[in-house]
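Worksheet: the structure to be examined is printed underneath.
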Amino acid sequence: MTLSLPIVRRTILAAAIAGLLAACQSVPVKSGFTPEQIAVLQSEGFVDTGPDWELTLNERLLFGVNESALRPEQIERISTMAHRLQSVGIATARVEGHTDSTGSDAYNLTLSQARAEAVAAPMQANGMRFTPDQIVGRGESLPISPNDTPEGRQDNRRVVVIVEPQ
């Protein structure tokens with residue numbers, strides 16, 4: 001049986017279109033996140049660190065010395081971020097607070113926990129869920145800059161939001 005050329009062309013074209021449509025489906029990619037989730041994570045400033053994505057909230061003056069309170073504009077930004085994450089099915093994260101090296105280890109641990117809780121609160125208010133072990137104070141144990149300058153100490157007074165695939 002011989003097929004006519006138009007039938008063969010239509011069959012090949014239909015197979016190609018089916019393949020393209022299948023490739024466009026929203027399926028999790030290698031990272032465990034969908035392309036839509038990755039787009040939102042990137043637009044919010046998260047960075048792919050391997051198995052998870054991290055957002056370091058260390059904008060200048062995120063936290064002053066010995067402070068854990070957020071300013072209204074920071075609360076608004078965190079709330080918006082949480083709402084966007086929720087909109088693409090990212091409903092939880094880990095929130096880690098950090099301090100510089102001034103103060104005692106015990107004080108810094110308590111302060112870093114308060115910072116983590118301050119960032120988690122507007123996220124929770126916007127629908128994200130956390131278990132107690134997902135809101136963690138790390139104290140001064142993981143600096144990102146040397147603590148021997150005012151700028152370095154400011155960098156270390158931060159909160160990191162970590163999102164892992166579910």
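With a 1.4 Å probe and all protein chains in place, put 83, 98 in order of accessible area, largest first. The partial results should precede the final answer.
Details: 83 115, 98 5 Å².
These residues rank, largest area first, as 83, 98.
Take the solvent-accessible surface of the protein heavy atoms, probe 1.4 Å, and return the percent of it on segment 73-133 that carbon and sulfur atoms account for. About 56 percent, which is the carbon plus sulfur part of the accessible surface.
Could you please report the charge total around residue 112, scoring K, R as +1 and D, E as -1 over all other residues with beta-carbon less than 11 angstrom from its beta-carbon? Combined, the nearby Lys, Arg, Asp and Glu give -1.
Across segment 78-89, computed HN-Hα scalar couplings (Karplus, 6.51 cos²θ - 1.76 cosθ + 1.60, θ = phi - 60°) run 5, 4, 4, 4, 4, 4, 5, 4, 4, 5, 10, x Hz from first to last residue, x flagging Gly and Pro. Computed 3J(HN,Hα) for segment 124-139, one whole-Hz value per residue from the Karplus formula 6.51 cos²θ - 1.76 cosθ + 1.60 where θ = phi - 60°, is 5, 5, 9, x, 7, 10, 9, 8, x, 7, 8, 10, 10, x, 9, x, glycine and proline marked x.
The values are calculated or read from the model by the stated rules, or taken from the named source; none is laboratory data. Just so you know, these numbers come straight off a predicted model, no measurement behind them. In this analysis, Cβ positions are derived from the backbone assuming ideal geometry, glycine residues included, and neighbour counts consider all displayed protein chains. Heavy atoms of the whole protein, side chains included, go into the accessibility calculation; ligands, DNA and RNA do not. Shrake-Rupley method; radii C 1.70, N 1.55, O 1.52, S 1.80 Å.
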